[in-house]
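See below for the structure under consideration.
The values are calculated or read from the model by the stated rules, or taken from the named source; none is laboratory data. Since the model is a prediction, treat every value here as computed from it, not as a measurement. Cβ: placed from backbone, ideal geometry, glycine included. Neighbour counts: every protein chain shown.
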Amino acid sequence: MFLEKNNIVKWNLILIAFAITVILCLVGVLWFDKPLFLFFRNFNWSVWNNFDTIFATKVWLIVSAGFSVAFFIKNTLKTKSKNKKHTKKLNLKNIINNFIEKSKTNSGFLIFCSVFFASLISGFLKFGFGRQRPIFYEALGQSGFYPMTNEWAFNSMPSGHTTASFAGLVMIGLLFPKYKWATWTLAIIIGLSRISFGAHFPSDVILGAFIGMISADIIKSVFYNKK
């Protein structure tokens, strides 16, 4: 979305999207978060319990790291079998150099980097905002911000599941454009599920989606940028 054909980031579009996201979040906090939240709660289906587990940030990181390591091992063994002249054992330096060299074609590694980078941003913002989760609104009619708070009940903004899922799925769509329609659709469904599940307000999801999208674009630009 924010990349040119040569994988250079369109920073002007990101700034525009950032401004729109900030406005939507502000309007959400002040107005549409609560009514939209209550509306989506009518669709709190049991399937969202599975989504809560499957698309958690730690699952994204573990699975993508697993694919990354598997790709690296397979590639290393394949390279070693083709180059019989290189009979010496791989040392740590050779392993690191080979990993860096092959990372561009390692989809799992790129997905991991995207999710990890997005999750770092999300974690800092969660701590900084300290927004009460919707459980306070549903149970007590309360909603507010308590900055610099690490507790789960006060880290609603942005949505971690949405951030990680958009980062991972958008990256998959960038690497495999043929399936972009499916990855984007699933990412949107995951975001909406977080509201229906009662874990986040709409503005939490909007901010998470934005962080995930730009993280995927930036990571892909780092490895594929053709200046």
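From the list Asn42, Asn98, Asn91, which residue is loosely packed, with under 13 Cβ neighbours inside 10 Å and either modelled with pLDDT of 90 or more or closer than 22 Å to Val222 by Cβ (or both)?
Asn42
Name the residue, out of Phe166, Phe154, Phe116, Phe112, that is more than 22 Å from Gly28 (Cβ to Cβ), buried (at least 21 other Cβ atoms within 10 Å of the Cβ) and free of Cβ contacts under 8 Å to residues at least 60 places away in the same chain.
Exactly one of Phe166, Phe154, Phe116, Phe112 is more than 22 Å from Gly28 (Cβ to Cβ), buried (at least 21 other Cβ atoms within 10 Å of the Cβ) and free of Cβ contacts under 8 Å to residues at least 60 places away in the same chain, namely Phe112.
Conditions (1) within 22 Å of the chain's Cα centre (by Cα); (2) at pLDDT 95 or above, marked per residue:
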{"position": "Glu4", "(1), (2)": "yes, no"}
{"position": "Trp48", "(1), (2)": "yes, yes"}
{"position": "Val63", "(1), (2)": "yes, yes"}
{"position": "Lys78", "(1), (2)": "no, no"}
{"position": "Lys82", "(1), (2)": "no, no"}
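Being surrounded by fewer than 16 Cβ atoms within 10 Å (Cβ to Cβ), of a type outside the set (Gly, Ala, Ser) and under 25 Å from Phe197 (Cα atoms): is that true of Thr53 here?
Spelling it out, Thr53 is indeed surrounded by fewer than 16 Cβ atoms within 10 Å (Cβ to Cβ), of a type outside the set (Gly, Ala, Ser) and under 25 Å from Phe197 (Cα atoms).
Restricting attention to the stretch 35-72, which residues are more than 21 Å from Phe109 (Cβ to Cβ) and hydroxyl-bearing (Ser, Thr, Tyr)?
Residues satisfying the conditions are Ser46, Thr53.
Quick check on the stretch 6-39: of everything there that is of a type in the set (S, T, N, Q) and either closer than 17 Å to Ser156 by Cβ or under 21 Å from the mean Cα position of the chain (by Cα) (or both), which residue is modelled with the lowest pLDDT?
My answer is Asn7.
Quick one: what pairs do we get from the stretch 208-227, first residue free of Cβ contacts under 8 Å to residues at least 60 places away in the same chain, second buried (at least 22 other Cβ atoms within 10 Å of the Cβ) and among the small types (Gly, Ala, Ser), C-beta under 6 Å, 6+ apart or different chains?
Ala209/Gly191
Going by what's in this entry, would Met171 be described as within 15 Å of Pro202 (Cα to Cα) and in contact with a Leu (Cβ under 9 Å, 6 or more places away or on another chain)?
no
Please count how many residues of the stretch 189-209 are β-branched (Val, Ile, Thr) and under 18 Å from Phe18 (Cα atoms).
Selection size over the stretch 189-209: 2.
Can you work out which of the residues in the stretch 129-151 that are surrounded by fewer than 19 Cβ atoms within 10 Å (Cβ to Cβ) and among the charged types (D, E, K, R) is farthest from Thr185 (Cα to Cα)?
Glu151
Would you check which residues across the stretch 201-227 are of a type in the set (Gly, Ala, Ser) and either out of contact with any helix residue (DSSP H, G or I) (no Cβ under 8 Å at 6 or more places or on another chain) or over 17 Å from Leu175 (Cβ atoms) (or both) and list them?
Once the filter is applied, which keeps residues that are of a type in the set (Gly, Ala, Ser) and either out of contact with any helix residue (DSSP H, G or I) (no Cβ under 8 Å at 6 or more places or on another chain) or over 17 Å from Leu175 (Cβ atoms) (or both), the stretch 201-227 yields Ser203, Gly208, Ala209, Ser221.
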